[in-house]
Amino acid sequence: MTLEAKSKIIEESDFYYDMSYSLACSTFANMPADIGIATGSEATSDISSDDVDSSKEKPNDDLVSPPDAQMKTAALLDLYSGCGAMSTGLCLGAALSGIKLITRWAVDLNTHACSSLKHNHPFTQVRNEKAENFLSLIREWNTLCKKFDVHKSISLSSDLPRTSNENEEYGNEPLLKGTFEVERLVDICYGDPNSMGKVGLWFKVRWRTFDPSEDTWEPVGGLSDSPDCIKEFVQNGYRESILPLPGCVDVICGGPPCQGISGFNRFRESEAPLNDERNKQLVVFMDIVNYLRPKYVLMENVVDILKFADGFLGRYALSRLVAMSYQARLGMMVAGCYGLPQFRMRAFLWGALPSVVLPKYPLPTHDVVKRGLVPRAFMHCLVAYKENEYRHLEKALVLGDAISDLPKVGNHQPNDVMEYSIKPKTEFQHYIRLNRQDMKDYSHGDVTPKEGQLFDHQPLQLNRDDYERVQKIPIKKGANFRDLKGVRVGKNNTVEFVPDIPQVVLSSGKPLVPSYAMTFNKGKSLKPFGRLWWDETVATVVTRAEPHNQIILHPTQHRVLTIRENARLQGFPDYYRLLGPIKEKYIQVGNAVAVPVARALGYSLGLAYQGKFHGDQSLFKLPGNFIPIDHATETRVASLGASKGEVVETE
């Protein structure tokens with residue numbers, strides 16, 4: 001329907017709507033074709049109560065992905081990207097559906113996370129800056145592109161001139177002493193890069209006769225004598241898509257931080273959450289969506305967004321999308337349901353333009369050890385099977401399924417690259433060791449990195465006192481500080497010191513059992529210096545590796561879990577390498593979206609992108625063999641002797 005025709009109908013109607021609403025996953029979607037247009041009291045919506053788009057007797061047919069040459073391409077912008085787990089998973093899943101989704105741009109404030117993303121996605125334009133500055137930048141960039149009419153100039157000439165010292169007539173002419181001449185512009189940003197209190201548009205300048213290390217940031221107003229340099233930079237930047245423009249982005253994904261809703265925050269603004277500056281990134285995220293108008297949006301956040309203040313922020317995000325004429329769908333997904341040994345429930349919000357198909361949520365593929373509570377007001381948004389519904393689920397994964405093949409390392413392991421010492425033992429381990437090509441990861445183009453290297457298998461080195469304590473924690477299931485000498489459990493499961501046993505001290509003179517362990521959670525906690533076990537799962541991978549108030553010790557080694565072990569629990573492929581100090585790597589892994597969840601969502605995105613979803617249901621079943629191992633890879637893996645579910649403890 002044309003906008004003119006729609007405007008006429010709205011004008012003549014008492015009530016008007018062009019989306020249907022379904023309680024299942026809080027779905028706002030295009031109306032089914034048989035509803036049509038109704039006015040006044042005639043407006044009705046006949047939505048099916050069945051919210052699962054698949055057979056209830058068996059899983060869908062096995063996955064058959066098309067050849068790479070036949071795949072359509074789509075451009076993705078990853079906001080609040082971290083080290084890139086969400087976009088990586090989306091791209092892996094989309095590839096299985098027949099869409100080559102490419103992360104073209106990424107934005108994050110953490111320098112180390114940006115370095116990790118760039119290392120693993122070398123062709124991505126990665127910007128280390130505030131999201132609100134990025135929004136201002138793309139607005140300025142659009143203005144510059146219009147000013148220099150780059151759309152027309154690029155179409156007229158695909159071979160624009162580039163600045164080059166060798167081709168410039170004045171390249172060898174000496175400069176007068178004290179004279180500075182712009183050779184070319186090499187970067188652009190919006191903000192205050194020189195920390196001078198001057199926020200605005202800046203260019204990084206390469207000065208003639210000076211080394212690149214002497215590049216400086218200069219305000220756009222200070223480059224009035226170099227309009228040709230600005231024009232050339234904009235033309236080249238447009239051709240290379242260094243920044244997204246409205247209408248050029250297919251997908252935006254991201255997890256805007258909302259620290260103001262954290263349960264650890266004693267000063268939460270429950271009456272007006274958006275007045276809290278720590279929650280403003282949600283507004284910025286939606287403002288960027290509104291400016292760029294991508295076909296699809298996927299926002300991720302902690303479930304507290306649906307708990308705090310009666311779910312105010314979750315409702316706000318949903319309503320912003322609908323107000324921007326996006327279809328929308330809200331769901332809560334559990335990472336363990338997609339083949340990981342952790343629970344980790346998160347909220348995901350889909351958005352889709354009216355002209356495209358709204359993605360559905362993939363139903364679980366694995367059973368899971370249940371932890372955590374679902375917000376009562378959003379029970380209908382939980383992505384799960386109904387109680388009486390047929391389900392075909394794989395057995396829940398446990399810690400041993402994920403990490404039992406990794407080499408033994410000590411408390412101090414200085415090497416961030418090492419070799420595998422044994423072959424994989426479980427299906428999970430075979431899959432997680434696949435190379436980029438076998439996983440259909442196109443972030444390196446045609447380059448296949450060296451196989452057989454294990455990255456980031458390093459634990460946070462415990463200090464001398466904590467290491468002594470950990471060495472005394474028994475190697476058994478359920479062991480923790482309560483097993484240390486001099487501690488006993490009294491009434492109401494509360495710990496206390498044994499009165500007639502002298503306090504044991506460490507070699508430093510400090511007590512073996514620290515006071516914080518005895519008083520944590522009023523003496524009822526089992527977490528301080530807790531040891532994990534092979535047949536257990538974790539509640540969620542966290543950003544810290546200290547054992548003082550969490551269960552993070554290796555089952556049989558006297559250390560905390562390594563970065564790679566945490567990455568395995570998040571579903572990162574082993575080829576995914578992290579950069580930065582060890583503590584920063586833990587933060588990157590802990591903040592990431594679980595890759596298998598993102599991969600399942602990426603598959604759904606690809607199907608919707610190609611218009612393969614039908615009906616108004618909100619859920620669908622993934623193919624029976626969703627782990628993407630093609631026939632050649634399957635043959636190679638089988639030759640190694642994989643044993644399904646086999647777990648062997650590593651000493």
Got a sec? Charge dipole of segment 399-594, +1 on Cβ for Lys and Arg, -1 for Asp and Glu; which of Val409, Tyr516, Leu454 is way out at the positive end?
-> Tyr516
FRET E, pair Asn142, Leu3, Förster distance 30 Å, beta-carbon r, rounded to 0.05 = 0.85
Using the C-alpha gyration tensor of segment 399-594, what are the square roots of 5 times its eigenvalues, in whole angstrom, with the largest one first?
-> 36, 16, 14
Set of lysines near Lys147 by C-alpha distance (under 19 Å), chain-local residues within fewer than 8 positions excluded | Lys231
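For segment 399-594, what proportion of DSSP beta bridges, expressed in % and rounded to the nearest 5, is antiparallel?
Values: 8 of 10 bridges.
Just about 80 percent of them are antiparallel.
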Which listed residue (Thr543, Val504, Met439) has the Cα farthest towards the positive end of the charge dipole for segment 399-594, taking +1 on Lys and Arg C-beta and -1 on Asp and Glu C-beta about the Cα centre?
-> Val504
Arrange the following residues from fewest to most other Cβ atoms within 10 Å of their Cβ: Lys621, Lys130.
-> Lys130, Lys621
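Any read-out appearing in this document is the output of simple, stated calculations on the displayed coordinates, not a laboratory observation. All values reported here derive from a predicted model rather than from experimental measurement. Quick reminder, even Gly has a Cβ in these numbers, built from the backbone with ideal geometry, and neighbours come from all protein chains shown.
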